[in-house]
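Notes follow once the structure below has been shown.
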Amino acid sequence: SALSETPINRLSIGVQSFDAQQLQQLGRIHNPLQAHQAIQGALDAGFKRINIDLMHGLSHQTPQQACHDLQQALQYPLEHLSWYQLTIEPNTYFHHHPPPQPDHDTLFEIQQQGQALLHQHGFNGYEISAYEKNHQACRHNINYWEFGDYLGIGAGAHGKITHSETGSIFRYWNIKHPKRYLQAQAPYQQSLKTLHPDQLPEEYMMNALRLKRPCSLAAFEERTGLSRQHIESTLQHLHQEQLITRDPDKFSLTELGERFTDNVVMAFLNT
C-alpha cells in the first residue's frame, strides 16, 4: 500500500499462466495461488492501473486451456492485458530444450478464440499482444513501439537514447546479474552500440508495425532522421505484393501483411 502512495501508478504482474504445470515447465517460481494473491493485493492496495502478462502457445496447450487462463484474469476489474505467444529466444534454456508447442492450426485457433473472448469483455487490441479498454493503453509501451527514447535502470535493463545534437541513436543494456550490477562501478552498461543508418528502417518498423494503426511516414522521418525516400522502393514492393495499403503520408498492413508481419519487417533490412 505504501507503493501506491508514490508517483508509481501502474503495476505489471508477470503471471504467465494460472496453470501450475505450465508454470513449472516455464521455470517460474510462483504458483497459481500466489498469482491470484499478487493481483488481489495490488487491487487492495489501491492500484487502478494493473496489467497482467499471460502467455499462450504453451506446452501441449489446447484452445480451451488457453482461454481458461484468460478467464482467470478476466474475473478481475482490469483494463489492460498483455497476451502473447511463447517464443523461443536464442541462448535460452528453451532454445536448447524446446517444449512441445501446439501445431500451427492449434495456435491459430487459440489466437482466434482468445481474441473473441477478450472482445466479449470489452478489450481492444491496440498492439500485437496488448489489449485495453476504457482508453487505458500503456503509454510507456506505446513509446517503445513509436521508437521513442527510454532509460534502462537496474540490472539487465535495456535503454535507447537519441543524441540531441548529432541525432545518433544508441542502444545499451546493463549488467544482467543483480549481484554483479550492485558491485560494479559506474558506468553500469554491459554493452553499448550505435545504430547504423542502414539499420534504422528495420529497427523502426520492427516496433511501429506492432501497433494496430497506420504507420506515419512523418513519424518515421522524425524518429530516424531519414527521408521517406529512403524506404520508397521497399514500400512499392510491399504494395505490389499486397502486404500493405498506401496513402501519401502513411501505410497500413493488409490482412495478408498482418499474417506475415515478420516478412514485412525483414523487407526493410538494409534498405
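Specify the residue that is farthest from Q75 (Cα to Cα); the eligible residues are those in the stretch 22-37 that are at pLDDT 95 or above and out of contact with any Leu (no Cβ under 9 Å at 6 or more places or on another chain).
Ranking the candidates gives L23 first.
Just to confirm my filter: which helices (runs of 4 or more DSSP H) fall fully inside the stretch 80-177 and include at least 2 residues that are more than 20 Å from E203 (Cα to Cα)?
Here the list reads 93-96, 104-120.
Hey, could you check the stretch 24-39 for residues that are free of Cβ contacts under 8 Å to residues at least 12 places away in the same chain and either in contact with a Lys or Arg (Cβ under 9 Å, 6 or more places away or on another chain) or assigned to a helix (DSSP H, G or I) (or both) and say which is nearest to Q65 (Cα to Cα)?
For the stretch 24-39, the residue satisfying everything is Q24.
Which pairs have Cβ atoms under 6 Å, sit 6 or more apart or on different chains, and link a residue in the stretch 254-265 that is under 15 Å from L235 (Cα atoms) and without any contact (Cβ under 8 Å) to a residue 24 or more places away in the chain to one that is of a type in the set (V, I, T) and crowded, with 17+ Cβ neighbours inside 10 Å?
Qualifying pairs under 6 Å: G257/I244; G257/V264.
Quick one: how many residues across the stretch 218-242 are among the charged types (D, E, K, R), within 25 Å of the chain's Cα centre (by Cα) and in a loop (DSSP other than H, G, I, E, B)?
Counting residues in the stretch 218-242 that are among the charged types (D, E, K, R), within 25 Å of the chain's Cα centre (by Cα) and in a loop (DSSP other than H, G, I, E, B) gives 0.
Kindly indicate which of H158, H119 is without any contact (Cβ under 8 Å) to a residue 12 or more places away in the chain, surrounded by fewer than 16 Cβ atoms within 10 Å (Cβ to Cβ) and in contact with a Gly (Cβ under 9 Å, 6 or more places away or on another chain).
Working: H158 fails: without any contact (Cβ under 8 Å) to a residue 12 or more places away in the chain.
Residue meeting the stated conditions: H119.
For the stretch 40-75, how many residues meet the condition of being assigned to a loop (DSSP other than H, G, I, E, B) and among the aliphatic types (A, V, I, L, M)?
Summing the residues that are assigned to a loop (DSSP other than H, G, I, E, B) and among the aliphatic types (A, V, I, L, M) in the stretch 40-75 gives 2.
How many residues are under 16 Å from Y126 (Cα atoms) and assigned to a helix (DSSP H, G or I) when one looks only at the stretch 243-258?
Qualifying residue count for the region: 2.
The values are calculated or read from the model by the stated rules, or taken from the named source; none is laboratory data. The structure displayed is predicted, hence computed values, not measured ones. Here Cβ is always computed from backbone atoms with ideal geometry, including for glycine, and neighbour counts include all displayed protein chains.
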